[in-house]
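Report on the structure given below.
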Amino acid sequence: MAITIKEITMIGLALLFILPGGPVFANDLPVSSNVDIVPAAIDLTEATVTHVAVTATVTDTDGCADITGATAKLFRTDLTSDCVAPNPNNCLAPVAMTLVACSDTIATYAGDIEVQYYADPGTWSLHVIPSDVSGSGTAGDDDTAVINTLTALNATSLIAYGELALGGVTPDTTAYDTIVTNTGNQTTIGVQVKSGNETAMVCTTGTIPVGNEKYDAVSTAPYASKTALTVSPVTVAGVSVPKGASGNTATIGWGLQMPAHGVGGSCSGTVVFTAI
Amino acid sequence: MTETSTKQKRAVPFLFALSIFMLTASACFAGLGISPSQIIAPNLSKGSHLEKTFILSRSDPVEDLYFKVTMEGATKDWTTLDKGTEFFMPKGQQRFPITVIANIPKDAANGQYKGGIRLDSSSKNPGTSSGNGASVSLSALIQTDFTITGEQILEYNILSIGIQNSEEGSPLAASITLNNTGNVEARPTKVHAEVFDKFNTKLLESQDIAQMGSVKPFSTGDIAIPIQTKLGIGQYWARISAYRDETVQKEENLVFEIVPVGSLQKTGNLKDLICAKTAAIGETIKINGVFENTGLSDYSAKLVAEIYKNDKLIKLVESDLADVTAGKTENLSAYFAPEEPGEYTVKAHVAYSGKKTPEKETQVLVRNAVLLASLASFGLSGFMPWAAIFILFLIVVIIIMAVIFKKRNTNKT
């Protein structure tokens, strides 16, 4: 009889251990909190990535040793679709975070997220999902940061006009093009140009007036219809350069007329480009 | 023709060539960016002071890049740059912070004012081309848009709420990061804090905090929220809510620990001391101390700067006391307007929590405004002061030589 009771007790205890929801092996899922993006206002770097530091605390009432990891995603807050597939413009995910410290029920995680120069400006959110052996836990309050607008450009470094006779005009070709690249995250940039000096060029003998150097969004536009360069900055009509990793360039065509007299030798000047 | 006049004539083309060489702008081979690219202040009051930091950046910092600054439009007389009107971005540095300072005159009329700050770059090494050619240089433009109003406007948003670990017996170190876009100092009406056990289930303490610091107009800053507590060593949850009047502006659930006394060190580092290298008499010079709280708890700090001229202490200036959160970096700024020309030495340290950082120093060359203006008209001020001095020296030497030769000729005759 005594043996029978013992067997029943053992079976009962075994069921208590085995059945789902049994009190002994109940596992609490981890929760993230103290989610932080540094800095809170992010200024990107022209034509390259910017590193953004992220940290979070993960709490697990079963003890921090129970936590298996934390994953971060940084995304544009007003994104209408869920940030699942990575998109350097608006969704940086998933980013595995690294365990920094573990004490009692609290673990601290840190991560480094590379943000491309063309990432959308605006408010972005950081979402941290912790996990333990049973699966994903609960994400705490998101932190937000603002990615500022980076207005940036690059331009091919020289406009080589070659040799010109006195009174001569450069042909209306693409040979004198400047390629302008939007190397920031402003949706589209316009371009302003001006002469770097009071004259267009200084020659071995004499100078070339600033208005003799001309530009146009269409390289093959006749010299006469191109716009004369000025000492003050002027926005180039018809040039709008979109942001992105590709397709982010535009062309400005140039032309030059040599004065009929008073100029000799080689000539050099500077054209200043500004993104607006 | 006399010997004197012959030598004088020989010197003129030499000087001319030298001037042309120095005035010629150069090419820049890398890209250039500015972030953000606008400073929009819709709620400025008359006499108000506004500062905003921008980051100049380039992906390929192969050489020093020189900048000449021009203020434009309706705001040109109100804005200055902490780096002065000419500065350079050193080789190897991808990112370069600059701060725009705007002082709105007390007699400015209400209305909208637009302008810009243009930063024209040039390098030492111009591009080369065979025959005729134009090199390309890049410029960055910060657009300004100020609206002056006669009303007092309280407008802010709370960016984040944080809490640091505290030592047993000390108040809990919570903090609020607030972006003040209004024209008066801003802070939450009150902060409500609830503390729970480490399982976030049992409420242990609860209190309202109404006494706290504030953030100056048109800036973002941290406000320390000291929360009195009797908690023992252990781990806890805090639910902190920041109110504007009776509305919760932001609420966060945060984990923190109470640790034994002596566990949290208070340390700090004055990372950099920045101010303009040149200035004119009477011009306000901003002395900016980049200070990092390298400890594990929050505290207040201020920059203390001693101004020396000819090894003589002539003035002591201080920044306002600022709350610096653990692990964060804060710019602490003090101001000084020199009254005489000459070379000044600025020696500064940061005082915090009864301690002070090691001293850093920098020099400022203060010039007579008239001389500065005449040099500027020749394009010779700022980053080429030695070139300007060299040319002036040459001119003086030539004049002296001319006088000597004239005297000799007079004696011969």
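Computed from the coordinates by the stated procedures, all read-outs in this text should not be read as laboratory data. Small disclaimer: the values here were computed from a predicted structure and weren't measured. We place every Cβ from the backbone using ideal geometry, glycine too, and count neighbours over all the protein chains shown.
Charge tally for A:Asp66 (other residues, Cβ to Cβ under 10 Å; Lys, Arg +1; Asp, Glu -1): -4. Maximal additional length on extending the A:Val49-A:Thr187 stretch stands at 47.9 nm, based on 0.36 nm per residue less the C-alpha distance. Panel order for A:Leu29, B:Leu204, B:Leu178, by other beta carbons found within 10 Å of each beta carbon, from fewest to most: B:Leu204, A:Leu29, B:Leu178. Here the simple spin-label model places points 7 Å from the Cα toward Cβ, and for A:Asn89 and B:Thr201 these points are separated by 4.8 nm. Computed on the protein assembly as shown, the Cα convex hull volume stands at 211 Å³ per residue.
Among the residues of B:252-260, the average count of other protein chain beta-carbon atoms within 10 Å of the residue beta-carbon is 4. Counts of other chain beta carbons within 10 angstrom of each beta carbon in peptide A:36-45 average 5. For A:Asp28, B:Asp107, B:Asp298, the sequence from fewest to most other C-beta atoms within 10 Å is B:Asp107, A:Asp28, B:Asp298.
If you wrap the Cα atoms of the range A:24-126 in a convex hull and average its projected area over all directions, you get 7.3 nm².
Rounded to the nearest 5, the antiparallel percentage of DSSP beta bridges internal to the range B:156-259 is 95%. Basic side chains Lys and Arg get +1 at the Cβ, acidic Asp and Glu get -1 at the Cβ, and with that the dipole of the range B:167-232 about its Cα centre reaches some 140 debye. Counting only DSSP beta bridges whose two residues both lie in the protein assembly as shown, roughly 90 percent are antiparallel. Approximating the spin labels as points 7 Å out from Cα along Cα→Cβ, the B:Asp272-to-A:Ser134 distance works out to 4.9 nm. Only one residue of A:Ala200, B:Thr144, A:Cys64 has its Cα farthest out toward the positive end of the dipole of the protein assembly as shown, where Lys and Arg carry +1 and Asp and Glu -1 on Cβ, and that residue is A:Ala200. Charge dipole of the protein assembly as shown (Cα centre as origin; +1 on each Lys and Arg Cβ, -1 on each Asp and Glu Cβ, all else neutral): 3500 debye, rounded to the nearest 20. Taking the C-alpha atoms only, the angle from helix A:2-18 to the longest principal axis of chain A is near 10 degrees. Give the Debye-formula value of log10 I(q)/I(0) at each listed q (0.12, 0.22 Å⁻¹), with one equal scatterer per alpha carbon of the range B:156-259, two decimals each. Result of the Debye calculation: -0.38, -1.10. Report note on the peptides A:134-143, B:34-43, A:151-160: ranked by the mean count of other C-beta atoms within 10 Å, highest first, their order is A:151-160, B:34-43, A:134-143. For the pair the range B:39-58 / the range A:208-276, the C-alpha centres are spaced 33 Å from each other.
So, in nm, how far is label A:Ile179 from label A:Glu198 when the simple model puts each one 7 Å beyond its Cα toward the Cβ? Here the answer is 3.7 nm between the modelled labels. Per residue, the protein assembly as shown reaches -3500 deg cm²/dmol at 222 nm when only DSSP H runs of four or more residues are counted, each adding -39500 (n - 2.57).
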